[in-house]
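See below for the structure under consideration.
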Amino acid sequence: MSIGRHPGDLGKLGLVAGLLVLSALLVLVPANPVEVAVHQQLITLPRVADPFWVVLTWIGSWAGIAGVVVVTSYLGWIRVALLCGGSGALTWLVALLMHQLLGRPGGHPFPSDEVAVVTVLAVVAAPYFGRVARYLGWALVLLTGVAVVHLDLHLPLGAVGGALLGWGVGLLCHLVWGAPGRKVSQLVVFDELEQAGLAPISITALRHRLLQPREFAVETVDGPPLRVKVVRRLSRRAGGWYKLKRLMMLLDVQDEPSLSTPHHEVEHEAYAALLAARAGVRTPEVVLACDVSYAPALLVMRQVPGRRLTELAPEEIDDALLAGVWEQVALLAESRIAHHDLRAKNILVDERGRPWLLSFTFSHPGADDARRAQDLAEALVSVASLVGVERAVTSAIDALPVESLAGALNSLVPLALPRRIRAQAQRGRYFLAELRETLADRLGLPIPGFRSPVRPTTVLGLLLIGAAVYLLIPELSNTRDLIGALRHAHWGWLAVAVATGFAAVVLSSISVQGSSRIPLPFWPTLQVQIAAAFTGRTTPGGAGFFGINVVYLERLGLRRPLAVGVTLLNQAGTGAVAVVVAVIGVFAVGLSGTFTNLSLPGWQLVVASAAVLLVAVLVLLSPPGRRRLLPSVLEVSRELLDTLRHPVRALQLFGGGLGYLVVSGLGLAASLAALHPHFSWTAVTIVFVIGNTLGHLVPSPGGLGAVEAVLLAGLGAMGIPPTAAVAAVLLSRLLTYWLPVLPGILMFRYLQHRNVI
């Protein structure tokens with residue numbers, strides 16, 4: 001057995017000890033009412049199951065310890081019998097000692113010796129019997145805890161203390177005596193290879209990175225050297241962050257199928273490597289894939305002498321080698337296998353200069369066209385990161401069919417590539433954009449169009465959030481009065497509100513025109529902004545607005561950096577106008593006495609503002625901020641100042657942004673006029689500018705929820721009655737903001753059909 005000690009157990013032991021001490025301190029104070037209530041509820045469980053609960057408490061006594069020792073000894077598990085007997089007796093004695101030191105009033109000792117004994121037996125025995133036994137053991141601990149509380153032997157805190165005591169003693173046992181599966185010794189690998197008849201002579205552990213599979217080099221008696229990979233944990237797992245990004249992504253890409261166990265992963269890699277070798281792909285020969293008892297799974301392959309592609313100097317990577325790499329990638333695609341990990345380090349160059357493909361952990365046999373296109377995109381990124389974009393694209397075009405390369409264009413975006421692939425592209429912010437544009441230019445193809453960022457999950461989430469917001473907001477006023485106000489609303493003013501919503505889109509397109517140094521056509525730009533009303537208002541943070549405008553500008557011939565710069569400049573210009581209007585407007589309207597119900601905190605507001613400013617400065621001055629954020633901020637600031645030197649562009653950019661804000665604010669005022677005729681139109685417009693600016697800082701689609709809250713607060717400060725304020729905000733948002741989404745959907749499909757986006 002592979003017996004060893006795991007450093008992580010020491011950290012767990014410290015945590016358990018701290019929690020046990022905290023629980024012991026809580027015993028010294030009167031029982032918490034919550035604990036007493038839980039105790040009383042468990043006591044009232046049906047008495048018909050009492051025999052079952054009593055049997056569970058027997059397992060946590062000397063009878064249970066003796067029974068485990070007898071059974072494991074009979075089955076030949078002498079080590080398990082000795083460890084369970086010793087650790088169980090030690091736990092029982094420590095529990096009795098703590099009973100004497102921490103007696104609790106009411107006859108409820110601390111901790112529960114029954115729970116402690118069951119816990120230590122489960123913790124000590126679990127590594128010898130596998131994952132299922134560990135889960136069953138902890139389930140037994142939970143049931144025993146319920147039993148001792150139901151039978152009025154201990155309070156809930158005593159059951160928790162018993163579990164902590166047993167867990168701690170079990171961890172201490174693993175640290176002192178070791179446990180199976182905690183390390184992979186060379187002896188275990190040597191023994192497994194010897195049993196397989198491979199006749200090993202010597203074995204050498206190779207360097208490895210944390211959380212990566214360990215590898216060993218093995219010399220055999222009558223054969224070539226072997227390379228052994230030890231897989232301790234699943235590599236193919238997608239975390240919560242990855243899944244969250246997929247919900248927000250703007251492209252359809254293929255998920256990586258999950259695997260169940262490390263042994264399953266080893267078998268999968270061996271299967272894919274065998275299929276690839278049969279198709280003519282050069283990959284090391286698979287010798288053995290096995291699941292070792294009490295140790296991680298092993299994958300044994302013939303070792304090919306050579307160096308990884310990342311270990312070669314740029315001048316050593318000649319055209320013949322690049323052609324060989326693309327030949328192997330083409331063979332892989334012809335055999336319908338997607339490698340999905342074509343990093344440069346997984347390409348081995350042998351002593352004769354021939355490339356070999358390694359590590360089929362993430363592979364997918366029977367891949368469709370989309371998977372194979374993504375695979376080719378990953379290979380392009382890997383090769384370009386070493387030899388540059390021009391050489392990578394030239395060599396790929398010379399070796400691969402145009403159809404395959406055209407399919408890869410769609411996957412040359414950050415969200416379509418795994419992090420392990422993107423991490424290779426450390427050649428600048430626009431490396432992927434340069435690679436995609438260069439490939440499109442050389443193939444004579446347009447840059448891939450923008451795809452809808454809205455998925456069924458996005459629509460469902462937006463509807464749920466919208467329903468919650470628009471059902472809760474009316475609760476701020478009398479619902480019956482609100483319905484009555486909506487029934488008697490002036491339809492003429494509502495029509496004006498609708499018109500302002502569409503007029504704001506026209507002014508937004510003028511602002512976009514002023515953001516570009518290259519003249520943009522008015523009508524196509526207006527059409528794109530109508531479509532952006534759909535893509536931008538239904539995505540978190542307005543990601544769809546950026547995406548559709550960047551693709552539109554790329555289709556007009558702008559390089560990716562320029563297209564991104566135009567979009568950022570447009571947002572910065574509109575934001576700058578909003579800040580100026582908000583500051584001047586608040587002071588002007590405030591002097592007029594319009595905000596009759598406004599109350600601001602004094603020093604609290606100053607401290608909060610200073611804290612926000614300090615955090616922003618620290619973020620910008622931090623190493624990541626100086627590397628990523630500060631250059632963008634400085635670049636956009638320079639562009640804003642440069643725009644002022646061109647009167648026409650300045651008028652378009654800042655005038656369009658001002659017009660968009662003012663007209664949208666008039667939409668709120670028109671909605672309010674349909675319900676409440678007496679108010680200041682200027683003040684309402686200022687309230688809208690502030691609410692729209694602050695609300696969109698919240699990363700919800702269209703600032704949903706946040707914008708409504710700020711607008712209601714502003715109208716309330718003006719003295720608008722709650723019923724009129726709530727009705728006006730709801731009508732304004734529906735008529736001026738969400739209604740243009742409907743023609744935006746139709747325009748989006750039209751522009752896609754015309755290849756404008």
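The values are calculated or read from the model by the stated rules, or taken from the named source; none is laboratory data. Predicted model only: the values in this text are computed from it and were never measured. Every residue, glycine as well, gets a Cβ built from its backbone with ideal geometry; the counts of neighbours run over all protein chains shown.
Each residue in the stretch 101-135 was checked for being exposed (fewer than 13 other Cβ atoms within 10 Å of the Cβ) and at pLDDT 85 or above, and 1 pass. Could you please let me know if GLU269 is surrounded by fewer than 14 Cβ atoms within 10 Å (Cβ to Cβ) and part of a helix (DSSP H, G or I)? Criteria not met by GLU269. Looking at the stretch 95-197, the helices (runs of 4 or more DSSP H) lying wholly inside it that each contain 1 or more residues that are within 34 Å of the chain's Cα centre (by Cα) and free of Cβ contacts under 8 Å to residues at least 12 places away in the same chain sit at 113-129, 131-150. Report yes if some residue within the stretch 11-29 is modelled with pLDDT of 85 or more, basic (Lys, Arg) and in a helix (DSSP H, G or I); otherwise report no. Yes, the stretch 11-29 contains a residue that is modelled with pLDDT of 85 or more, basic (Lys, Arg) and in a helix (DSSP H, G or I). What about VAL698, is it under 31 Å from the mean Cα position of the chain (by Cα), outside any helix (DSSP H, G or I) and closer than 26 Å to LEU658 by Cα? Yes: the conditions hold for VAL698.
Here LEU211 meets each of (1) among the hydrophobic types (A, V, I, L, M, F, W, C); (2) surrounded by fewer than 17 Cβ atoms within 10 Å (Cβ to Cβ); (3) in a helix (DSSP H, G or I); (4) modelled with pLDDT under 85 with one exception, condition (3). Counting only helices (runs of 4 or more DSSP H) that sit wholly inside the stretch 352-433, not one has at least 1 residues that are under 22 Å from the mean Cα position of the chain (by Cα), on the phi > 0 side of the Ramachandran plot and surrounded by 21 or more Cβ atoms within 10 Å (Cβ to Cβ).
Can you say whether GLY716 is under 20 Å from GLY501 (Cβ atoms) and assigned to a helix (DSSP H, G or I), as far as the supplied structure shows? No: the conditions fail for GLY716.
Candidates LEU299, LEU309: the one that is within 16 Å of ALA273 (Cβ to Cβ) and hydrophobic (A, V, I, L, M, F, W, C) is LEU299. Of the residues screened, PRO740 is one that is modelled with pLDDT of 85 or more and buried (at least 20 other Cβ atoms within 10 Å of the Cβ). Within the option set ALA503, ALA489, being touching a residue at least 60 places away in the same chain (Cβ under 8 Å) and not in a helix (DSSP H, G or I) holds for one residue only, ALA489.
Screening the candidates ARG649, ARG733, ARG754, ARG749 for the property of being of a type in the set (Lys, Arg) and touching an Asp or Glu at 6+ places or on another chain (Cβ under 8 Å) yields one hit, ARG733. Of all residues in the stretch 272-312, those satisfying the criterion of being assigned to a loop (DSSP other than H, G, I, E, B) and touching a Phe, Trp or Tyr at 6+ places or on another chain (Cβ under 9 Å) are VAL281, ARG282, THR283, PRO284, TYR294, VAL304.
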